[in-house]
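Visitor: Quick one: this structure, given as structure tokens, is what I'll be asking you about.
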Amino acid sequence: MDERKSSIRIICAGGREIQLKCPICGCEEFYDRKTLLNTAGMTYLGLDWANDEATNYVCRDCSYIFWFENAREKLEKPRDPLKELEADYTALSEKRLRKIIDSDNYNDTAKKAARNVLSKRRHEI
Ligand SMILES: [Zn+2]
């Protein structure tokens, strides 16, 4: 595997899928590498509790480094367009979702996804 291959990275965290974006330059492509956490320097600093690997994601453009002790990267793009849309719509307001459902500009899958998100939200309240 080419460690220097930059691509869009999606991390699973707290039940969500979050696309990494560089906080410095805004670039959305990263390459990954593993780094041992129990280096001599870390031990010296009293951080030798973490004797395993970290995953780094390095920004393609400015080389800013993200550190994850247990990164759970989503490697495949979602294949289910309904699930994908539901994930996209989760952040939308109820008003926006109703607009999607009522609008003629959206296909049936989009409307179904909006309906699912709305009904899920009702169950949470
Ligand atoms: Zn960057």
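The values are calculated or read from the model by the stated rules, or taken from the named source; none is laboratory data. Only a predicted model underlies this, so the values are computations on that prediction, with no experimental measurement involved. No Cβ is skipped: glycine too gets one built from the backbone with ideal geometry, and neighbour counts run over all protein chains shown.
Visitor: Identify the residue in the range 66-86 that is in a loop (DSSP other than H, G, I, E, B) and in contact (Cβ under 8 Å) with a residue 40 or more places away in the chain and, among all such residues, is surrounded by the most Cβ atoms within 10 Å (Cβ to Cβ). Explain how you work it out, then say what you get.
Guide: As a first pass, look at the range 66-86 and keep what is in a loop (DSSP other than H, G, I, E, B): 69-72, 75-80.
Within this subset, residues satisfying the condition of being in contact (Cβ under 8 Å) with a residue 40 or more places away in the chain are 71-72.
On the way: 71: 19, 72: 12.
Applying the filter and picking the extreme gives 71.
Visitor: Then there is this: Quick one: in the range 10-40, which of the residues that are over 17 Å from the mean Cα position of the chain (by Cα) and at pLDDT 90 or above is farthest from the ligand (Cβ to nearest atom)?
Guide: Quick first cut of the range 10-40, residues over 17 Å from the mean Cα position of the chain (by Cα) only: 24-25, 33-40.
Filter once more, so that each one left must be at pLDDT 90 or above: 24-25, 33.
Details: 24: 4, 25: 3, 33: 15 Å.
Checking each candidate, the answer is 33.
Visitor: Go through the range 99-125 and give me each residue that's of a type in the set (S, T, N, Q) and over 11 Å from residue 89 (Cα atoms).
Guide: The initial filter retains those residues of the range 99-125 that are of a type in the set (S, T, N, Q), namely 103, 105, 107, 109, 116, 119.
Answer for the range 99-125, where residues must be of a type in the set (S, T, N, Q) and over 11 Å from residue 89 (Cα atoms): 103, 105, 107, 109, 119.
Residues checked against (1) outside the structural domain of residue 17 (by TED's automatic domain parsing); (2) within 15 Å of the chain's Cα centre (by Cα); (3) in a helix (DSSP H, G or I); (4) over 20 Å from residue 10 (Cα atoms):
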| residue | (1), (2), (3), (4) |
| --- | --- |
| 62 | no, no, no, no |
| 88 | yes, yes, yes, no |
| 95 | yes, no, yes, yes |
| 98 | yes, no, yes, yes |
| 101 | yes, no, yes, yes |
| 105 | yes, no, no, yes |
| 111 | yes, no, yes, yes |
| 116 | yes, no, yes, yes |
| 119 | yes, no, yes, yes |
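Visitor: Do any residues in the range 14-27 that are without any contact (Cβ under 8 Å) to a residue 24 or more places away in the chain have Cβ atoms under 9 Å from those of residues that are within 6 Å of the ligand (Cβ to nearest atom), where the two are at least six apart or on different chains, and which pairs are they?
Guide: Taking only residues 6 or more apart or on different chains, the pairs are 21/27; 26/61.
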